[in-house]
Amino acid sequence: MRLTSVAQNSGIWGSASTGACSILFALSTDGYTQLRSKEIVGDVHSLAWGADGRSLHALDSHASTTAVTSIANYRITEEPSLDDLLAADVLANVSDASQVVFHPTDNRFYVVTKATNELISAYLQESANATKLPLPPSRYRLLPTSLDASQFHTTSLTITAAKDTLWTLSQSTRQAVVTLFSLNTTTGEVIDAVARASWAGAGEGQITAAPFGSGNVVAVTNSPTGYVTLLGLDRGLLENIRGSESLAGHDWLMRMDLEVDNQATAGSAAPKIKSYGRTALDEFISMGEGVWVD
């Protein structure tokens, strides 16, 4: 489910899927009044709002060909009906997509794929009654060559409130990997992968960015099962004595080196993912997505 900050569209927006057919719906914020709904073909279980708060994008996770829709783009009006479909755009050669997000300042969007463990970045050109992808999407590998990618699946991604980093979460039955990409804050273009970290544990985790813009902080729920994990970006600046200490209970997070061509230049300190700690809510429960309250 997704919310938007636009006053006219302040309801709860979501989707439900059978795997082949999906319902998009909107509820009042108290959850009791159904405002509108629309049935569409496809396996839609990820929604994203465009930067203007008027464009709703529904990701179809089925394999994409020239005849199969991957993203349905809606222009939500003052009196939204979910009949105002602008266009259905196809991401060529993208299969098994698991989640989509849009950059907060522009029409650039990002998709992660479950089977191939890729980050897909593309720009959506939008007008009053049409959308199109003017350029082929860019692709980025999420896992290092030292890991067997066939054992992993990528489930989640998020953009922090600072708008300059994007985080992805990939998992196997024994390990979780978080990869951090730097972004152009104005255009949303991916600059490079700048940090990666890992820990042991199975689960179907979801990663969610904190709403405050002063820091690049994310939370991971259900990775491993029953844990809430808080991570942040250490930009590699000079640390004080306390910051450089090895804190008890934080040694579960292991830094993973990026490929050689992504390493920092000699004499500079590379950014890294740091731990703010984690807590076990229950060792037997299976959690879903988490939300932040600012």
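The values are calculated or read from the model by the stated rules, or taken from the named source; none is laboratory data. The shown structure was predicted, so the numbers you read here are calculated from the model rather than taken from an experiment. Virtual Cβ from ideal backbone geometry, glycine too; neighbours counted across all protein chains shown.
At a glance:
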item: When residues of the range 192-223 are limited to those that are part of a strand (DSSP E or B) and among the charged types (D, E, K, R), the one modelled with the highest pLDDT; result: Arg196
item: Answer residue from the range 34-53, given it is acidic (Asp, Glu) and within 17 Å of Val101 (Cα to Cα) and is surrounded by the most Cβ atoms within 10 Å (Cβ to Cβ) among those; result: Asp43
item: Scan of the range 117-145 for residues that are over 19 Å from Ile273 (Cα atoms) and part of a loop (DSSP other than H, G, I, E, B), ordered by number; result: Asn117, Leu124, Ser127, Ala128, Asn129, Ala130, Leu133, Pro134, Leu135, Pro136, Pro137, Thr145
item: Condition check for Asp261: closer than 23 Å to Ala193 by Cα, modelled with pLDDT under 85 and not in a loop (DSSP other than H, G, I, E, B); result: yes
item: Residues located in the range 224-235, provided they are assigned to a loop (DSSP other than H, G, I, E, B) and farther than 15 Å from Trp167 by Cα; result: Pro224, Thr225, Gly226
item: Top-ranked residue in the range 209-230 [being within 15 Å of the chain's Cα centre (by Cα) and either charged (D, E, K, R) or surrounded by 17 or more Cβ atoms within 10 Å (Cβ to Cβ) (or both); ranked as nearest to Phe109 (Cα to Cα)]; result: Ala209
item: Pair list, Cβ under 6 Å, 6 or more apart: the range 125-138 residue more than 16 Å from Val111 (Cα to Cα), other residue at pLDDT 80 or above and of a type in the set (A, V, I, L, M); result: Thr131/Leu124
item: Top-ranked residue in the range 141-172 [being among the β-branched types (Val, Ile, Thr) and closer than 17 Å to Pro224 by Cα; ranked as modelled with the lowest pLDDT]; result: Thr155
item: Failed item, numbered, when His57 is tested on (1) farther than 30 Å from Ala162 by Cβ; (2) at pLDDT 80 or above; result: (1)
item: Matching residues, the range 157-172, being in a strand (DSSP E or B) and either farther than 13 Å from Val220 by Cβ or not aliphatic (A, V, I, L, M) (or both); result: Thr158, Ile159, Thr165, Leu166, Trp167, Thr168, Ser170, Gln171
item: Positions within the range 173-189 being in contact with a Ser or Thr (Cβ under 9 Å, 6 or more places away or on another chain), outside any strand (DSSP E or B) and surrounded by fewer than 23 Cβ atoms within 10 Å (Cβ to Cβ), in sequence order; result: Thr185, Thr186, Thr187, Glu189
item: Members of the range 105-123 that are touching an Asp or Glu at 6+ places or on another chain (Cβ under 8 Å) and polar (S, T, N, Q); result: Asn107, Thr113, Thr116, Ser121
